Amino acid sequence: MNPAQSSANVGLPSEHVHGVAFNPADDKVYLATHDGLFRYDATGPVQIGPVIDLMGFTVAGPDHFYSSGHPRAGVNLPNPVGLIESTDAGKTWLALSRQGQTDFHALTASKSGVVGFDGSVVLRTTDGRSWTTLEPPVETHALATSPTGSILLATSRSGSARSTDDGATWTLDQQAPLLQLAAFADDQTVVGVAPDGGVFVSTDAGATWDKRGGVGRPPQAVTARPQPNSQLEILVVTAEALLR
């Protein structure tokens, strides 16, 4: 996969993109950016909700989002906003916890809760309000969790750490490719993108990886979902475009 071969090479509504995801409720693509949340309609990107510099961003279900970051002027939220939740596809946000305290650089959600990285530590919550500290053996950059929440991946400059017990214990796989970002398409299928844009796929929940292509440049965000006939739909955001 590269810009020349991509079936969709879409311009970006903001210079900095921190997250990309499909919303199961409307089957549309959402971008969390430095300039707020955008939904891709037939006519192009449309801004949704208050203007917040959305950092960590994850879709938990239909119209159900979690995020973090910094409010722009006129937005009635503390700075940083801590963990915020939307149940109307980003039109409005509810402050859940850690307001004025935490800016989650990375977030990932599953049926068992939300895991976030605040730039220093990895934290997990099952109710959006009380948190426990996880200890992956890497300086975490990004996070990904299986839909059930049992498997967690933490990417870093020194390699990826993997947990199969909700983050209680971790292993560092020295044989895995160096990944900057990762995203689960289902409980067994994971997509990872390397710092140079190489795209890898795992069909055993991150235990082993195969290189499938590349986007030719560093990634800003990635997401994936299964398609009929065992195909996989992958979106990768680079500094120049949204690539499918």
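The values are calculated or read from the model by the stated rules, or taken from the named source; none is laboratory data. Keep in mind it's a predicted model, so treat the numbers as computed, not measured. We place every Cβ from the backbone using ideal geometry, glycine too, and count neighbours over all the protein chains shown. Accessible surface areas use protein heavy atoms only, side chains included; no ligands, DNA or RNA. Shrake-Rupley method; radii C 1.70, N 1.55, O 1.52, S 1.80 Å.
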Listed by first then second residue, the pairs whose first member lies in region 184-206 and is at negative phi and open to solvent by less than 10 Å² (accessible area, probe 1.4 Å), whose partner is of a type outside the set (Gly, Ala, Ser) and at pLDDT below 95, with beta carbons under 8 Å and at least 6 positions apart or on separate chains, are Val199/Met1
Single unsatisfied condition, Leu172 versus (1) within 27 Å of Leu134 (Cβ to Cβ); (2) surrounded by fewer than 14 Cβ atoms within 10 Å (Cβ to Cβ): (2)
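Just checking, how many residues over region 215-238 are basic (Lys, Arg) and in a strand (DSSP E or B)?
Residues flagged as basic (Lys, Arg) and in a strand (DSSP E or B) within region 215-238 amount to 1.
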What is the one condition in (1) free of Cβ contacts under 8 Å to residues at least 12 places away in the same chain; (2) more than 24 Å from Leu242 (Cα to Cα) that Asp210 does not satisfy? (2)
Does region 133-149 contain at least one residue that is in contact with a strand residue (DSSP E or B) (Cβ under 8 Å, 6 or more places away or on another chain), at positive phi and open to solvent by 50 Å² or more (accessible area, probe 1.4 Å)? no
All but one of (1) modelled with pLDDT of 95 or more; (2) open to solvent by 40 Å² or more (accessible area, probe 1.4 Å); (3) in a loop (DSSP other than H, G, I, E, B) hold for Arg212; state the number of the condition that does not hold. (3)
